[in-house]
Amino acid sequence: MRVYITGVAGFLGSHLCDGALAKGWTVHGIDNLFRGRSQHMPKSEKFTFEQLDLCGDIAALSASIQTFKPDIILHYGAINGTEYFYDRPFEVLDTNVMATINLLKAIEACEHKPKRIAYASSSEVYGEYPDNIPSAETDITRLDIHSIRDSYAAAKSIGDFYVRMFAEQYDIEWTLLRIFNAYGGRMDASKFGQVVPEFVKRALFEEDFTIIGDGLHTRAFCHVDDHVRMVLTLVTSEEGVGVFNIGNDEEITMLHLAKEVHKVVGREFAPIHLPKRSNDPLRRQPDMTKTWAITGPCQISLREGLTYTAEYYREQ
Ligand SMILES: NC(=O)c1ccc[n+]([C@@H]2O[C@H](COP(=O)([O-])OP(=O)(O)OC[C@H]3O[C@@H](n4cnc5c(N)ncnc54)[C@H](O)[C@@H]3O)[C@@H](O)[C@H]2O)c1
């Protein structure tokens, strides 16, 4: 199997790359190193890397795909990190839409077409007030022009449309991955990163432990090893065509997460609450019925996953 991964130096891209190599597949990855790090990428004869910007020269992108001739393209390259959605909304919208359009145009120009395209979409497309909790793949995507947070959700939603319409036109199989809060080692732990590494880093190394808002909003967290297993199973399965939630269905509050992190690192829990963010969804939980019928459920508990993650950041 030959897999082409965009965003390969990032958190999920690099773990997917490791997972694909462990299966004996051959991987070609690209990244512009906006947030990705070269040290995340493996040294393997079956892996090659090119520093390429998805928003750059389409001809270069096309040549890269045509030369490698992938069976599967995993499109994970994008600006991610909640603080960016608020801090640089136009850049998030523009980069993430353009990255997907350019990739599809690059594939269009290739004589070789992949058998499957899988796109890293997001739970954010279900909106601040999802139709249902847990949210199913059939739920309507909801965007709010008044919410700058939706800079990201809008791009992900447009990407869903583009990937599906393009793939159907060229008779390529498509998988839209609605990813709900993945976590693990190699995530950005800065303020532009995500909540689990931020909590772990703060609990391990900082004097004050801060939480945005009252901590009563909920999320459902999925360890990256479960993410990789589910995605690599779906993209090689005939039933894995369509829209799929990727995550864990255990809904917990941020306070619960913060307490678990403290237990794992052995620190007393004394949070300082910061003002809440605008348009931050109060609840987020995936309905995993459809995906788990193909992949089976998550295998790594929150406590185990947080322990691995804390070990990673301690070593760092
Ligand atoms: N981590 C999650 O919980 C989560 C949840 C929902 C969706 N996603 C999606 O999954 C994908 C990967 O997320 P992640 O958490 O690994 O983030 P990440 O930032 O670690 O990885 C994204 C990678 O894309 C690269 N990139 C950004 N812009 C690029 C461009 N113009 N050209 C080439 N490469 C570019 C970055 O350098 C980075 O290495 C993203 O598309 C993200 O939106 C992730």
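The values are calculated or read from the model by the stated rules, or taken from the named source; none is laboratory data. Remember, it's a predicted structure, so these values are computed and weren't measured experimentally. Because the Cβ atoms are built from the backbone with ideal geometry, glycine has one as well, and the counts that use them run over all protein chains shown. For accessibility, only protein heavy atoms count, side chains too; no ligands or nucleic acids. Shrake-Rupley method; radii C 1.70, N 1.55, O 1.52, S 1.80 Å.
The table below gives the values:
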quantity: Within the range 1-102, helices (runs of 4 or more DSSP H) holding 1 or more residues that are more than 10 Å from the ligand (Cβ to nearest atom), open to solvent by 50 Å² or more (accessible area, probe 1.4 Å) and under 29 Å from VAL196 (Cα atoms); calculated: 11-22, 82-87
quantity: Filter result for ILE117 (modelled with pLDDT of 95 or more, outside any helix (DSSP H, G or I) and either of a type in the set (A, V, I, L, M) or not assigned by TED's automatic domain parsing to the domain that holds ASP171 (or both)); calculated: yes
quantity: One residue from ASP171, ASP160 being in a loop (DSSP other than H, G, I, E, B) and either within 22 Å of HIS75 (Cα to Cα) or more than 14 Å from the ligand (Cβ to nearest atom) (or both); calculated: ASP171
quantity: Output for the range 134-148, where each listed residue is closer than 25 Å to GLU83 by Cβ and not charged (D, E, K, R); calculated: SER135, THR141, LEU143, ILE145, HIS146, SER147, ILE148
quantity: Filtered residues of the range 9-28 (kept if closer than 24 Å to ALA63 by Cβ and either under 16 Å from the mean Cα position of the chain (by Cα) or among the charged types (D, E, K, R) (or both)); calculated: ALA9, GLY10, GLY13, SER14, LEU16, CYS17
quantity: Complete set of residues in the range 128-139 that are within 15 Å of the ligand (Cβ to nearest atom) and either of a type outside the set (Ser, Thr, Tyr) or open to solvent by 50 Å² or more (accessible area, probe 1.4 Å) (or both); calculated: PRO130, GLU137
quantity: Contacts under 6 angstrom Cβ, first residue in the range 140-161 being open to solvent by 20 Å² or more (accessible area, probe 1.4 Å), partner of a type in the set (S, T, N, Q) and in a helix (DSSP H, G or I), 6 or more apart; calculated: THR141/SER157
quantity: Close pairs (7 angstrom Cβ cut-off, 6 or more residues apart or separate chains): farther than 16 Å from CYS17 by Cβ in the range 62-77, part of a loop (DSSP other than H, G, I, E, B) and open to solvent by less than 10 Å² (accessible area, probe 1.4 Å) anywhere; calculated: SER62/CYS110; ILE65/CYS110; GLN66/CYS110
quantity: From the options THR48, THR67, THR82, residue that is more than 26 Å from THR236 (Cα to Cα) and either within 17 Å of the chain's Cα centre (by Cα) or not acidic (Asp, Glu) (or both); calculated: THR82
quantity: Test for VAL125: is it within 16 Å of the ligand (Cβ to nearest atom), within 30 Å of ALA293 (Cα to Cα), assigned to a helix (DSSP H, G or I) and of a type in the set (A, V, I, L, M, F, W, C); calculated: yes
quantity: Output for the range 288-316, where each listed residue is loosely packed, with under 13 Cβ neighbours inside 10 Å and under 19 Å from GLN39 (Cβ atoms); calculated: ARG314, GLU315, GLN316
quantity: Condition broken by LYS201, with the remaining ones in (1) within 16 Å of the ligand (Cβ to nearest atom); (2) not in a helix (DSSP H, G or I) satisfied; calculated: (2)
quantity: Lone unmet requirement of (1) open to solvent by less than 20 Å² (accessible area, probe 1.4 Å); (2) at positive phi; (3) modelled with pLDDT under 95 for GLY242; calculated: (3)
quantity: Number of the condition not met by SER237 [criteria: (1) open to solvent by 20 Å² or more (accessible area, probe 1.4 Å); (2) at pLDDT 95 or above]; calculated: (1)
quantity: Some residue of the range 214-223 being closer than 30 Å to LYS115 by Cα, surrounded by fewer than 20 Cβ atoms within 10 Å (Cβ to Cβ) and of a type in the set (D, E, K, R); calculated: no
